[in-house]
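Rule-based calculations on the coordinates, nothing more; no lab input. These figures come from a predicted structure and were not determined experimentally. FYI the Cβ positions are ideal-geometry reconstructions off the backbone, even for glycines, and counts take in every protein chain you see.
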Amino acid sequence: MGTLAAHIRDGLALLKEISGAAPDMTEIKRLIDAGADLEQTGDDIQKRTPLLVACSSSHCGDAIRPLLEAGANTEARNQNGAAALMMSVLLKDADAVALLIKHKACLDDTGFKGMTPLMWAANLGARDIVALLVKAGARTDIKSPNGKTAADYAIDNGKPHIANDIQTLGTQRRAAKAAFDAALAAGVPLEKDVAPLHMPALKRRAKGAGMNR
């Protein structure tokens, strides 16, 4: 069988294994190592890739890390416009969210119902995920089609403490950015192993700008 055919075949097998009721991680890793097509959607009715399936199912979360490390596309979407980060937020899986942030998933995507992952996290009352997203640089000022910010959704759902978290953490990030920028402008030497709080956000936005050109 040719290389391309094997690539597609293994991709379909990977998708099937991850979609199963009891995914075999040994087989999943074998298929990934064999060069399976990580973006295969096969006949999945929601047009999900293996990563999207893993991020939308509580029984195959262990597959997320090897998929990301193998280069799975974090911005692939299902038929409803949701990417992997959104699916993990909806599942309230903080570990998956942290992994996707580490692999530079788009934090401010509004492909699913015009709302960002932060809005959904606030709406669902997922305080730990809200903190992860804001600390990583998710914007707190974006408004949904209904004209609401993430903090508004938290308040609407009786979670004023989460709204306060969003404001406090957002303020801390802006202050850290201002201090870092001032230090750079003044020529102050910075420790190479200390990343400023706002740097992950700047890197992601630069990546997003490049993709949108």
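Which order do the peptides 73-83, 179-189 take when ranked by the mean count of other beta-carbon atoms within 10 Å per residue, highest first?
Order by mean packing, descending: 73-83, 179-189.
Counting other beta carbons within 10 Å of each Cβ, put SER56, SER88, SER19 in order, fewest first.
Arranged by neighbour count, lowest to highest, SER56, SER88, SER19 become SER19, SER56, SER88.
What does the charge count near LYS143 come to, summing +1 for each Lys or Arg and -1 for each Asp or Glu among other residues with Cβ under 15 Å from its Cβ?
Spelling it out: positives minus negatives among the neighbours equals -2.
Normalised by the residues of the chain, what does the relative contact order come to in percent, with Cα pairs under 8 Å and at least six apart?
12 percent
Need one number: nm distance between label points at ASP128 and ASP33, each 7 Å from Cα along Cα→Cβ, rounded to one decimal.
3.1 nm
Identify all aspartates and glutamates with a Cα-Cα distance to LYS104 below 16 Å; exclude those on the same chain that are fewer than 8 residues away in sequence.
Within reach: GLU69, GLU75, ASP95.
Using the alpha-carbon centroid of each, what span in Å lies between region 28-67 and region 147-189?
What the calculation gives is 34 Å, centre to centre.
Principal axis extents for the chain, Cα atoms only, whole Å, descending order, please.
The Cα atoms of the chain stretch 60, 44, 32 Å along the principal axes, largest first.
Averaged across orientations, what area in nm² does the convex hull of the alpha carbons in region 39-111 project?
4.3 nm²
Note down the net charge around LEU169, summing +1 for each Lys or Arg and -1 for each Asp or Glu among other residues with Cβ under 14 Å from its Cβ.
The answer is +3.
Label-point separation (nm) for ALA185 and ASN157, each offset 7 Å from Cα along Cα-to-Cβ?
Label at ALA185, label at ASN157, 3.9 nm between them.
Name the aspartates and glutamates eligible as straight-distance cross-link partners of LYS143: C-alpha to C-alpha under 16 Å, and not fewer than 8 places from it in the same chain.
The qualifying aspartates and glutamates are ASP108, ASP109, ASP152, ASP156.
At ASN73 and SER58, where each label point lies 7 Å from the Cα along Cα→Cβ, what is the point-to-point distance in nanometres?
Calculated label separation equals 3.0 nm.
Net charge near GLU17: determine it from the other residues with C-beta under 11 Å of the C-beta of GLU17, scoring Lys and Arg +1 and Asp and Glu -1.
For residues surrounding GLU17, the net value is 0.
Once whole DSSP H runs in the chain are found, which of them have Cα atoms spread over 20 Å or more along the helix axis and a mean Kyte-Doolittle score of at least 0.0?
Once both thresholds are applied, what remains is 3-19.
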